[in-house]
Amino acid sequence: MNGDWAKTLRREWISALSLASLVLVWQAVAMLVGDTLILPSFLQVLVALEASWKTLIFQDLPISLLHFGLGMGAGVLLALPLGMGMGWSRHMDRLIDPMVEVIRPIPPLAWIPFAIVWFGLTHESAGFIVFVGAVFPILINTYVGFRSLPRVFVESAKVLGATSNRDLIRYVAFPYALPSIAGGVRIAMGISWMCLVAAEMFGVSTSGLGYRIWSYYYLHKMEYVLLYMIVLGLLGLFIDRAFRYVVEERMLKWRAGLTQ
């Protein structure tokens, strides 16, 4: 136990040292450049944080998280049952797959004009762009997870008494496909986070982290632009780590024995 704790502590120290080195290099390069418009220094970003932290935390951050939550929630609610149905039923797959393959290649940002027309400059409009970015990775990975289920698992479950499609999906197919589904959700979160920022920057919303980056750019306050970029990166990292902890340490803890 102590050995594991020591290894964890050593990894954290290495990560902290890496970040500290990055900050030192950043500060040195910014001082050499000597132009805030080209590259603000770390200290200038700290000053920007001190001046704007209340707006960032209590106004922009909640709005962006709301947009992200709306889009991701809608994406999961649609893509998960749809992917399960397509992966389980060949008839449903033949019916829906052509429509998916026609719509899927369209970039999410191409939907911005329709989002504004349909929803206006509202939270739902930004959430719709996030939804478009999230739905297809979850759908495809759920489909692949269900489609790759070995036939022998289904036959064995039938022998043990799980004869209905509902039981087979609940006790066999879904647990088997869960790692693939989790991978799709992780990919969707990354894509959705980029779509969120782009949507807020290009007029879908009148507030949020992406909107603030664009407004500070117009004012040539690049230290604030860089501050919000760093916040976006850290927040995306936190969301990904939290999701991985919940899924890998809780829902998929049974898989640990397969990798040891």
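The values are calculated or read from the model by the stated rules, or taken from the named source; none is laboratory data. Small disclaimer: the values here were computed from a predicted structure and weren't measured. Neighbour counts are summed over all protein chains in view; Cβ atoms, including those assigned to glycine, are modelled from backbone coordinates with ideal geometry.
Of all the numbered requirements in (1) within 21 Å of the chain's Cα centre (by Cα); (2) assigned to a helix (DSSP H, G or I); (3) free of Cβ contacts under 8 Å to residues at least 24 places away in the same chain, residue 101 misses one, and that requirement is (1).
Just one residue in the set 176, 224, 216 is farther than 22 Å from residue 44 by Cα and in the same structural domain as residue 152 (by TED's automatic domain parsing); that residue is 176. Examine region 162-171 for a residue that is more than 30 Å from residue 63 (Cβ to Cβ), crowded, with 18+ Cβ neighbours inside 10 Å and more than 24 Å from the chain's Cα centre (by Cα), and state whether such a residue exists. Yes.
Condition test on residue 40, is it outside any helix (DSSP H, G or I) and surrounded by 18 or more Cβ atoms within 10 Å (Cβ to Cβ)? Taking the combined requirement at face value, the residue satisfies it.
Kindly indicate whether residue 87 is surrounded by 14 or more Cβ atoms within 10 Å (Cβ to Cβ), within 21 Å of residue 66 (Cβ to Cβ) and touching a residue at least 40 places away in the same chain (Cβ under 8 Å).
No: the conditions fail for residue 87.
Answer yes or no as to whether residue 135 is closer than 14 Å to residue 188 by Cβ and touching a helix residue (DSSP H, G or I) at 6+ places or on another chain (Cβ under 6 Å). It is true that residue 135 is closer than 14 Å to residue 188 by Cβ and touching a helix residue (DSSP H, G or I) at 6+ places or on another chain (Cβ under 6 Å).
Inspect all residues belonging to region 181-202 and state whether any of them is buried (at least 20 other Cβ atoms within 10 Å of the Cβ), assigned by TED's automatic domain parsing to the domain that holds residue 65 and among the hydroxyl-bearing types (Ser, Thr, Tyr). Scanning region 181-202, I find at least one residue that is buried (at least 20 other Cβ atoms within 10 Å of the Cβ), assigned by TED's automatic domain parsing to the domain that holds residue 65 and among the hydroxyl-bearing types (Ser, Thr, Tyr), so the answer is yes. Condition check for residue 123 on (1) farther than 11 Å from residue 196 by Cβ; (2) out of contact with any His (no Cβ under 9 Å at 6 or more places or on another chain): one failure, at (2). Residue selection: residue 65 fails the criterion of being assigned to a helix (DSSP H, G or I) and at pLDDT below 90. Only helices (runs of 4 or more DSSP H) whose full extent lies in region 171-246 are considered here, and the ones with at least 3 residues that are free of Cβ contacts under 8 Å to residues at least 40 places away in the same chain and over 30 Å from residue 155 (Cβ atoms) are 209-218, 222-246.
Against the condition touching a helix residue (DSSP H, G or I) at 6+ places or on another chain (Cβ under 6 Å), more than 19 Å from residue 103 (Cα to Cα) and among the polar types (S, T, N, Q), how does residue 148 come out, does it pass? No. The criterion of at least 1 residues that are farther than 17 Å from residue 211 by Cα, assigned by TED's automatic domain parsing to the domain that holds residue 82 and among the charged types (D, E, K, R) is met, among helices (runs of 4 or more DSSP H) falling completely within region 109-160, by 123-147, 151-159.
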